[in-house]
Amino acid sequence: MNLLVTGSSGFVGKYFIEKYADKYNIETFSFLHDDFENLDLNGIDTIVHLSALVHQMGGAESTEYERINVTQSVELANKAKASGVKQFVFMSSVKVYGEETNSAYREKTTCKPEDEYGKSKLKAELELQKLEDESFKVSIIRTPIVYGYGVKANIKNLIGLVQKVSVLPFGDIQNKRSMVYVGNLCFFMDTIIEKQLSGVFLTADERAFSTTELVALIANALGKKVYLIRVPFFESFLKVVKPSFHKRLFGSLEVDNHDTLTRLFGEAKASLPYSIEDGVGFMISGEDR
């Protein structure tokens, strides 16, 4: 099967290409460095569209999210359909549902995105689905936080904190957060491509976990003794001083992807290649598998 992957220099793209280079004939395209007008898609069976303007902590102009996440995606899909490409795999995000919540998101949960990133991803999804027909399948993958070796942003900062500090105020946090190890995400992608499935798919590791558990797993993988304590009023203080940090450390964002698992593997509880312990260990050791 001939694949074209966009965003091939990114975290997920690099892993997917390295892992599945022997299975697929993979070509790459960069909206930053290659000429879209001269892009030849003849002979390509499936496009894996990973290129995107991701969520920015400091925010970004709505016009930029629109241009990169919506316009470029739809233009690529239109060219793909006209060229006879059979499947268009679009990497989306659970941000299309909204922000942190105490109820688990499901595939058919009503989407109410709150930031420009989530709104742009949902708009792209809707525009792409309009192009679908019997000869052009659209596969949308919604992911929570993806982690693994080379991950940046919040998880990288948390790893650095655990490395430097032996006593941390993250004891007995009872939240639930779903994440997905990059190896499991690419396993989902490979299955969707291999089976030529269309629709909306929700990916996640086998279970959600708390911030307390995540910090403990990171410390264990680092081989470091860390004391997690509960500090009175710390949560309330953080909520006022750093609400974005509070949301990520104490908020819940859980997904229930039983429908996706059943559609891909025939049962609601499929065996993924990697456990959470595996994923965190590989992330720390620098050995993604």
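Overview of results
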| quantity | calculated |
| --- | --- |
| Residue that is surrounded by the fewest Cβ atoms within 10 Å (Cβ to Cβ), among those in segment 9-27 that are among the hydrophobic types (A, V, I, L, M, F, W, C) and closer than 22 Å to V151 by Cβ | A21 |
| Check on G183, in contact with a Lys or Arg (Cβ under 7 Å, 6 or more places away or on another chain) and closer than 27 Å to L272 by Cα | yes |
| Residues satisfying the stated conditions in segment 246-270, i.e. farther than 17 Å from E213 by Cα and at pLDDT below 85 | E267, A268, K269, A270 |
| Sole residue being surrounded by 12 or more Cβ atoms within 10 Å (Cβ to Cβ), under 20 Å from the mean Cα position of the chain (by Cα) and at pLDDT 95 or above, chosen from S73, S30 | S73 |
| Residue tally, condition over 22 Å from R230 (Cβ atoms), part of a loop (DSSP other than H, G, I, E, B) and of a type in the set (S, T, Y), over segment 147-172 | 1 |
| Test set (1) under 20 Å from S93 (Cβ atoms); (2) surrounded by 14 or more Cβ atoms within 10 Å (Cβ to Cβ) - L217 fails condition number | (1) |
| Selection from segment 76-98 of residues that are over 13 Å from Y117 (Cβ atoms), aliphatic (A, V, I, L, M) and surrounded by 16 or more Cβ atoms within 10 Å (Cβ to Cβ) | L76, A77, A80, V85, V89 |
| Elements of type helices (runs of 4 or more DSSP H) in segment 215-269, at least 2 residues being of a type in the set (D, E, K, R) and farther than 25 Å from Y149 by Cβ | 234-241, 258-265 |
| Residues of segment 16-39 that turn out to be touching a helix residue (DSSP H, G or I) at 6+ places or on another chain (Cβ under 7 Å) and assigned to a helix (DSSP H, G or I), as a count | 3 |
| Enumeration of residues in segment 103-138 that are among the small types (G, A, S), out of contact with any Gly (no Cβ under 9 Å at 6 or more places or on another chain) and either over 16 Å from M91 (Cβ atoms) or surrounded by fewer than 19 Cβ atoms within 10 Å (Cβ to Cβ) (or both) | S103, A104 |
| Residue match in segment 127-134 (condition: touching a residue at least 12 places away in the same chain (Cβ under 8 Å), over 17 Å from T6 (Cα atoms) and in a helix (DSSP H, G or I)) | yes |
| Set G98, G13, G84, G43: member being within 30 Å of F245 (Cβ to Cβ) and in a loop (DSSP other than H, G, I, E, B) | G98 |
| Sole residue being of a type outside the set (K, R), surrounded by 18 or more Cβ atoms within 10 Å (Cβ to Cβ) and out of contact with any Pro (no Cβ under 9 Å at 6 or more places or on another chain), chosen from V165, V182 | V182 |
| Failed criterion for V180 (all others in (1) over 21 Å from E107 (Cβ atoms); (2) in contact with a strand residue (DSSP E or B) (Cβ under 8 Å, 6 or more places away or on another chain) hold) | (1) |
| Near pairs, Cβ below 8 angstrom, 6+ apart or cross-chain, from segment 154-167 (under 15 Å from V280 (Cβ atoms)) to any residue that is surrounded by 15 or more Cβ atoms within 10 Å (Cβ to Cβ) and among the small types (G, A, S) | V162/A219 |
| Subset tally (residues that are in contact with an Asp or Glu (Cβ under 7 Å, 6 or more places away or on another chain) and in a loop (DSSP other than H, G, I, E, B)) for segment 180-205 | 1 |
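The values are calculated or read from the model by the stated rules, or taken from the named source; none is laboratory data. From a predicted model like this one, the values you see are computed outputs, not experimental measurements. Note: ideal-geometry Cβ built from the backbone for every residue, glycine included; neighbour counts use all protein chains shown.
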